[in-house]
Amino acid sequence: MQDEGNKLTLFAVGDDDQNIYSFDGASVEFIRRFTDDYQAKPQFLVENYRSSANIIDVANLIIQPASERMKAEQPITIDRARRRLLAGGAWEARDPVARGRVQVLPACESPTHQALAAITELQRLAALDADWKWSHCAVIAREWRYLEPVRAYCEHLDIPVQMADNEATKFWKLRETQALLIWLRSSERKLIDSQAISLWLDTQTDGPWWALLREGAHAYGLETAGVELPVGHFIEWLAEWGREARRRQSGLLLLTAHSSKGLEFEHVVVLDGGWDRVGENEDLDAPRRLYYVAVTRAKSLLVLCRLASGNKLIDALPASSGAIQRAPMALPEPMSALSRRYQLLTPADVDLGFSGRFAPSHPIHQAISALRPGSTLEVRRATDRWELLISSSNIVVGRLSRGYNPPRGFAQVYARVHAIIIRRLDDEDEGFRRTIRSARWEIVLPELLFES
């Protein structure tokens, strides 16, 4: 007989209400079979430590009609420590319109009008909060195409914004990170502290990547209490910190519901559109579960946009004290800027060896060296690919890969420098090294702007 103290114990956590990857083979049946196969005793975790009571109430109403739910008799509740708080939190007193309730916001008939409605409402809320941070907010949609006019409108209004579909810039390869590493390794110091690192960083120019490194030096100082440690310790720490920091949210985050799972934000707008679509290998309740995931990302405020064509998930909601149906808003007229599309290119989209095929004395290297994040570039079509050039000097400073295909239907394309990364001869495949004439070179990663 097996000793009870040495008996193997299995423990699994799952949520059938958040099963949103059935198109990729995920299934709640794995949870059910676990219970049967191992005679497991289920324990229901029903306390929500994230969202306000109003958001939890509406989320329960959204997911309740789903069939064969394991928690059908176990609604989610706010955690015990917050049960005496106002159902709408601090926003009950702060917002005279919604008073902390979940808003159902009329969004007219098109994605363009919806973008205007969503951002206009967020601007209204931002004006009510002296501590408002766009980096604590998100706009979530079923499909990327509903987010594109939101991005364009934010750019038009100078609201900091980022799309979550962009592959993270390679932090370690950034020109700025490499410059810091060269300074650290060339210094005669064996020990260094955060103050020395910060002092050197303060001698550099302004820019988003230098600001990120300054943030890193500050974080390192907090973690090490300003103590001098080996230079190698900081380099290893920076590599690990950079892997996470490059994914940090710096503005209003635009993302799909599938990519939002596991994240949380103070304030969330869920866009309408596409929620009635059932994908391949999905059951009829899949869109409902996905919508549920989107709304449960919100901590303090939740706005549900509704197009004029209707949204079955919203329209079927019973009356709730936690929600408010807003009257149509007065919106600005759609402007041409809302038809713009932005693309942040990745290393896979550019010819990584282009400038490396020129000798170190060639003017291309000096031209790239003078570029900074935000510098404007001209884009033109060459024989077989797109080129990036400095219009004032007509010097080509980069080329896009042959496989890059721009979106169709746009008459004008513009570019600005997003980042500059470093590449070395050893980074090249052996078969391409014979064409390289520089041991080290810089590569422009652009952001493209397309206009109708």
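The values are calculated or read from the model by the stated rules, or taken from the named source; none is laboratory data. Since this is a predicted model, take the numbers as computed values, not measurements. Here the Cβ is made from the backbone with ideal geometry for all residues, glycine too, and neighbour counts use every protein chain on show. Just the protein is used for accessible areas: all its heavy atoms, side chains included, with ligands, DNA and RNA removed. Shrake-Rupley method; radii C 1.70, N 1.55, O 1.52, S 1.80 Å.
List of remarks:
For (1) out of contact with any Cys (no Cβ under 8 Å at 6 or more places or on another chain); (2) surrounded by fewer than 23 Cβ atoms within 10 Å (Cβ to Cβ); (3) not in a loop (DSSP other than H, G, I, E, B), each residue gets a yes or a no:
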{"residue": "Arg248", "(1), (2), (3)": "yes, yes, no"}
{"residue": "Asp272", "(1), (2), (3)": "no, no, no"}
{"residue": "Asp276", "(1), (2), (3)": "yes, yes, no"}
{"residue": "Asn281", "(1), (2), (3)": "yes, yes, no"}
{"residue": "Arg288", "(1), (2), (3)": "yes, yes, yes"}
{"residue": "Tyr291", "(1), (2), (3)": "yes, no, yes"}
{"residue": "Val303", "(1), (2), (3)": "yes, no, yes"}
{"residue": "Leu317", "(1), (2), (3)": "yes, yes, no"}
{"residue": "Ser320", "(1), (2), (3)": "yes, yes, no"}
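- Considering residues of segment 322-367 that are among the hydroxyl-bearing types (Ser, Thr, Tyr) and closer than 30 Å to Ala118 by Cα only, the residue most open to solvent (accessible area, probe 1.4 Å): Ser336
- Restricting attention to segment 125-138 and to residues that are open to solvent by 40 Å² or more (accessible area, probe 1.4 Å) and over 21 Å from the mean Cα position of the chain (by Cα), the residue that is nearest to Leu331 (Cα to Cα) turns out to be Ala127.
- Summed over segment 250-270, the residues that are of a type outside the set (Ser, Thr, Tyr), surrounded by fewer than 18 Cβ atoms within 10 Å (Cβ to Cβ) and assigned to a helix (DSSP H, G or I) give a count of 1.
- Test result for Glu215, touching a residue at least 12 places away in the same chain (Cβ under 8 Å), open to solvent by 50 Å² or more (accessible area, probe 1.4 Å) and closer than 18 Å to Ile197 by Cα: yes
- In segment 139-159, residue least open to solvent (accessible area, probe 1.4 Å) [restricted to those that are outside any helix (DSSP H, G or I) and more than 24 Å from Val278 (Cα to Cα)]: Ile159
- Considering Leu116, Leu122, the condition of being outside any loop (DSSP other than H, G, I, E, B), closer than 20 Å to Val268 by Cβ, in contact with a helix residue (DSSP H, G or I) (Cβ under 8 Å, 6 or more places away or on another chain) and open to solvent by less than 10 Å² (accessible area, probe 1.4 Å) is satisfied by Leu116 alone.
- In segment 32-75, residue farthest from Leu317 (Cα to Cα) [restricted to those that are open to solvent by 50 Å² or more (accessible area, probe 1.4 Å), in contact with a helix residue (DSSP H, G or I) (Cβ under 9 Å, 6 or more places away or on another chain) and not basic (Lys, Arg)]: Pro42
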